[in-house]
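Report on one structure; see the data block that follows.
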Amino acid sequence: MDLFSTLCIIIAGILWGTMGIFVRYLGNFGFSSLQIACMRIIITGILFFLFLIVIDKEKLKIKKKDIPLFLAMGWGSILFFTICYFTTIQTTSLAIAAILLYTSPIFVVVLSSVFLQEKITGIKMAALSIAFVGCILVSGVGGAAVITGKGFIIGLCSGLGYGLYSIFGSLLLKKYHPYTVSAYAFIFAGIGAICICDLPDIIGKIYVSGNILGMLGFILLTGAVTAFVPFLLYTLGLQKVEASKAAIMAMIEPLVAALIGIFVFKEVLTVQAASGIVCIFLAIMLLNNKTKEKDN
């Protein structure tokens with residue numbers, strides 16, 4: 001497996017794991033979780049557009065026939081999973097919502113075998129199982145957690161939408177540069193996010209924050225650190241790493257979120273969470289094992 005591409009995916013997962021810091025800070029100013037997610041998408045779309053204007057305007061050119069696939073990636077993946085994820089958070093615990101979101105590699109493994117002709121191997125299934133158990137342990141889901149049938153289905157939809165990023169991305173990377181793929185995915189997602197985020201309310205909260213420039217700067221930083229850079233790295237990684245393997249490696253995100261909770265927010269590291277961290281590391285090591293797999 002290509003080392004650079006592997007590192008891109010792992011670093012992307014690490015950056016996604018820092019989201020809690022930004023959510024907690026912006027939440028203190030009255031922004032809802034959905035508004036934070038939408039601001040993140042809108043800012044990232046703007047950053048990708050400006051990025052390509054500066055480095056290479058030619059990469060902004062796409063064929064009309066491919067617009068539906070870019071729309072599917074922006075609306076059917078990024079915006080769709082965002083809405084489903086935060087809807088699930090509102091109906092159940094954050095931990096259960098996170099676990100349902102991280103059913104995404106299961107969808108990726110299945111869909112990539114159908115649309116990308118990737119093999120479902122024993123190592124992939126073992127790594128997926130170990131990583132998923134690790135996510136459950138890290139998230140601390142217990143027997144007292146409650147979820148409705150509707151909430152469960154919407155949560156699974158968030159996992160499906162999240163996983164579709166890898167599928168659509170892999171298909172588009174056969175025709176376009178990773179920068180182009182990421183840019184248009186977020187430009188289209190950003191247009192959709194503007195329609196659902198209650199923009200006047202967001203502007204009002206920024207105005208009453210007492211430090212308009214500081215707040216705008218932090219929102220910009222949120223988009224750059226938790227979306228622009230990691231999605232760019234993840235898409236670069238998809239050039240050389242199978243979508244199914246990339247999706248499993250990105251499950252390092254909840255591990256990082258747990259570590260930030262421990263070291264930044266002084267949360268207690270339980271034996272359960274520590275076991276989950278070990279499981280996720282084992283899964284990533286298993287996927288990157290140089291031993292040749294015999295499964296067909």
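A few notes on this one:
- Residue ID - nearest to Phe263 (Cα to Cα), chosen from residues in region 21-36 that are surrounded by fewer than 18 Cβ atoms within 10 Å (Cβ to Cβ) and touching a residue at least 60 places away in the same chain (Cβ under 8 Å): Ile21
- Selection over region 13-58 of residues that are closer than 20 Å to Ser209 by Cβ, part of a loop (DSSP other than H, G, I, E, B) and small (Gly, Ala, Ser) gives a count of 2.
- Checklist (1) outside any loop (DSSP other than H, G, I, E, B); (2) at pLDDT 85 or above applied to Gln117, failing item: (1)
- Of the residues Gly217, Gly237, Gly261, Gly276, the single one that is out of contact with any Lys or Arg (no Cβ under 8 Å at 6 or more places or on another chain) and free of Cβ contacts under 8 Å to residues at least 40 places away in the same chain is Gly217.
- Pair list, Cβ < 7 Å and 6+ apart or interchain, from region 170-182 residues that are under 19 Å from Ala227 (Cβ atoms) and in contact (Cβ under 8 Å) with a residue 12 or more places away in the chain to residues that are crowded, with 23+ Cβ neighbours inside 10 Å and polar (S, T, N, Q): Pro178/Thr235; Val181/Thr235; Ser182/Thr235
- Residues in region 242-266 that are charged (D, E, K, R) and surrounded by fewer than 14 Cβ atoms within 10 Å (Cβ to Cβ): Lys266 only.
- Residues satisfying the stated conditions in region 189-241, i.e. surrounded by fewer than 23 Cβ atoms within 10 Å (Cβ to Cβ), among the aromatic types (Phe, Trp, Tyr) and closer than 30 Å to Ile252 by Cβ: Phe218
The values are calculated or read from the model by the stated rules, or taken from the named source; none is laboratory data. Keep in mind the model is a prediction, meaning the values are calculated, not measured. Cβ coordinates were reconstructed from backbone atoms using ideal geometry, including for glycine residues, and neighbour counts include every protein chain displayed.
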